Every structure is written in structure tokens, then in C-alpha cells.
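Right, one structure below, let's go through it.
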Amino acid sequence: MQDCIFCKIIKKEIPSQVVYEDELVMAFKDINPLAPVHVLIIPKEHLANVLDINEENADIVGHMYLVANKLAREAGISEKGFRIVTNCNEEGGQVVYHLHFHLIGGEKLKCFA
Ligand code: AMP
Ligand code: ZN
């Protein structure tokens, strides 16, 4: 996707603070963190949001959770707790239309949808 900001981050056309990368996913620090730990985990394949997940590509979601698990442990927030959020479409608060998990933690989180 030519105009997708996260595809540009994957192609390293836009700088980011990468914390994890493999052949399927990339994880980088959110530019506007909501908590001490705020990482975005994205598939390298451009999927707009959860509505683009189907029988063929659904394995990527399990992989994204595995990476979130690893990064939460590495960031030292696994025991106290954290949140994984994915927003979908306008009323879900989605701003960037490339599927992403927010991994958020490092403090007591307020309830938010
Ligand atoms: P969402 O509202 O779920 O679509 O979240 C998009 C997230 O992407 C927001 O938390 C932004 O702060 C974050 N974001 C946007 N541009 C960048 C960027 N260039 N590098 C890192 N995070 C970004
Ligand atoms: Zn994209």
C-alpha cells in the first residue's frame, strides 16, 4: 500500500524505534505513548484491520500475540499486567488503517475502550 504510513515504516522509508522484527511482523514504539510501555505490533502484510482477517491469513494473529507475549516479558510488565488493544474503523478509534496491536503497560491503566 503506497500511502500507508506503517508500510513505509516496514520498508524503512520512515524512521521508527524498532523493538522486534522477523519475516512476518514488526514491532516499534508508538510515537505518542499512552503509558511507559507502548509498542505497536504490525504484520508485514498490509491488512487494513481485523476485518481483513480470513481463513487464509488468520495465523498472523497468533504470531502477533506470541510477539506481544515476548515483548511484554522483555519490557518487564508481564507480571504486573498490560493491555493489548486493536482498534477497528472510525467509531473504534482507528486512525492508521494497517492492522496493529497496541501493547500498553508499565503503570496502572485506566479503563478505556
Ligand atoms: P490507532 O488509533 O489504533 O489507529 O493507532 C495508531 C497509532 O499509531 C497511534 O497510537 C499513533 O500514535 C501511532 N503512530 C502514528 N504514526 C506513527 C509513527 N510514525 N511511528 C510510531 N507510531 C505512530
Ligand atoms: Zn500498510
### Message
Sequence gap at least 6, Cα distance under 8 Å: using those rules, report the relative contact order of the chain to the nearest whole percent.
### Response
30 percent
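If you take every residue apart from residue 9 with its C-beta less than 12 Å away from the C-beta of residue 9, what net charge results, scoring Lys and Arg +1 and Asp and Glu -1?
On the way: positive: 8, 11, 12, 29, 44; negative: 13, 21, 30.
Residues close to residue 9 contribute a combined charge of +2.
If you take the beta carbon distance between residue 95 and residue 29 as r and set R0 to 25 Å, what does 1/(1 + (r/R0)^6) give as a FRET efficiency, to the nearest 0.05?
Efficiency, rounded to the nearest 0.05: 0.90.
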#### Entry: Theoretical gain in end-to-end length, residue 109 to residue 53 [0.36 nm per residue, Cα-Cα removed]
17.3 nm
#### Entry: Label-to-label distance, nm, for residues given as residue 88 and residue 20 (7 Å Cα→Cβ offset)
2.2 nm
### Message
For the pair residue 74/residue 4, report the inter-label distance in nm, with labels modelled 7 Å from Cα in the Cβ direction.
### Response
2.3 nm
### Helix 59-74 axis, angle to the chain major axis (alpha carbon atoms, nearest 10°)
30 degrees
### Query
Isolated Cys in the chain by the 4.7 Å beta carbon test?
88, 111
### Task
First compute the accessible area of the range 42-113 with a 1.4 Å probe, then give the percent of it belonging to carbon and sulfur atoms.
51 percent
### Query
To the nearest 20 debye, what charge dipole does the chain have about its Cα centre, counting +1 at the Cβ of each Lys and Arg and -1 at the Cβ of each Asp and Glu?
580 debye
## Note on the structure
Taking every C-alpha to C-alpha distance in the chain and binning by 5 Å from 0, the per-bin percentages run 2, 11, 23, 25, 21, 12, 4, 0
### Message
In the chain, if the dipole is taken from +1 on Lys/Arg beta carbons and -1 on Asp/Glu beta carbons about the Cα centre, which of 34, 48, 6 is farthest to the positive end?
### Response
34
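The values are calculated or read from the model by the stated rules, or taken from the named source; none is laboratory data. All values reported here derive from a predicted model rather than from experimental measurement. Cβ: placed from backbone, ideal geometry, glycine included. Neighbour counts: every protein chain shown. All accessible areas refer to the heavy atoms of the entire protein, side chains included, with ligands and DNA or RNA removed. Shrake-Rupley method; radii C 1.70, N 1.55, O 1.52, S 1.80 Å.
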